[in-house]
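A short reminder: the numbers here are calculations on the coordinates, not readings from a lab. Just so it is clear, the structure is predicted and the values come from calculations on it, not from any experiment. Here the Cβ is made from the backbone with ideal geometry for all residues, glycine too, and neighbour counts use every protein chain on show.
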Ligand SMILES: [Ca+2]
Ligand SMILES: [Ca+2]
Ligand SMILES: [Ca+2]
Ligand SMILES: [Ca+2]
């Protein structure tokens, strides 16, 4: 019982309700294992297990919402938890949880001039405050204040015609983040603060739908991995490898062979998985 209550409280914390509930979890943990063993329990990963259990329970209830790129948890307001949803009609909606656990729409944007392709929450301009970043399929970017939803920046119309995928991350030494995206067939690295193209690929036929960044060949420097089989050096932007086959529609990184280098795990047709060793430039053999 105590564990179940603890997991429920942890779930609340994960969804943004910190503060008072953190204290409640701490006291429950004391109740669960005794004051003198709290530290040891935390070291043994008890909290991790509870967080994982809470996450699994939520996933079972809500399906794949957590994996959808145009749906994003927002910082909770005093009145409740909130999430944003960008729809295919070009509108961003913000929903807030009511006390009975139901959700209500509390805000909707103006028309954002195209189907919404993805959302991110990050401090892209390095001012220590996060932006809600939206991109549309037609190549518009919008920064919104994540609490008031007022727009703080958008790129010019017609800067790009078509945008397939975006990742917000830091690829260089400056504090501001970069917007890494696939636009009009090219991979583009765009300065998140000063809003200009830092680099674009000479390859002009990319149709990437997912972008990941990680050190996938173990040389200590990060690569940009595109789901359609391209691997670029994240810093110097050279094409390191063009795989003869796609890595799948969706990608994940995990080191599954203990060599310290994450493998790319790619999903095809929403269910079939392949494992790629990027350092060896091949799909991992099915049996050793
Ligand atoms: Ca910011
Ligand atoms: Ca940067
Ligand atoms: Ca590397
Ligand atoms: Ca590995």
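With both labels modelled 7 Å from their Cα along Cα-to-Cβ, the residue 272 to residue 149 distance reads 4.2 nm.
With a cut-off of 15 Å, note down the residues of the range 50-73 whose backbone N falls inside the zone around a label point 7 Å from the Cα of residue 254 toward its beta carbon. Under 15 Å, as judged by backbone N against the label point of residue 254, lie 52-53, 56 of the range 50-73. Sorting 169, 182 from the fewest to the most surrounding beta carbons within 10 angstrom yields 169, 182. Take every pair of alpha-carbon atoms less than 8 Å apart whose residues are at least six positions apart; their mean separation over the length of the range 147-284 yields a relative contact order of 14 percent. Distance between the C-alpha centres of the range 30-77 and the range 162-239: 31 Å, rounded to the whole angstrom. When 144, 71 are arranged by Cβ crowding within 10 Å, least crowded first, meaning fewest neighbours, the order is 71, 144.
Summary value for the chain: 7 percent relative contact order, contacts being C-alpha pairs under 8 angstrom separated by 6+ residues. By other beta-carbon atoms within 10 Å, ranking 158, 93 with the fewest at the front produces 158, 93. Dividing the summed -39500 (n - 2.57) terms of all DSSP H runs of n ≥ 4 by the residue count of the chain sets its mean residue ellipticity at 222 nm at -5500 deg cm²/dmol.
Which parts of the range 97-131 would a label at residue 193 reach, counting a residue when its backbone N lies under 17 Å from a point 7 Å out along Cα-to-Cβ? Counting only backbone N, you get 122-131. Ratio of Rg to Rh for the chain: 1.00 [Cα atoms; Kirkwood radius as inverse mean 1/r over pairs]. If you sort the three axes of the alpha carbon gyration tensor as a ≥ b ≥ c, you get a/c of 1.5 or more for the range 115-202 and a/b no higher than b/c, which makes it oblate.
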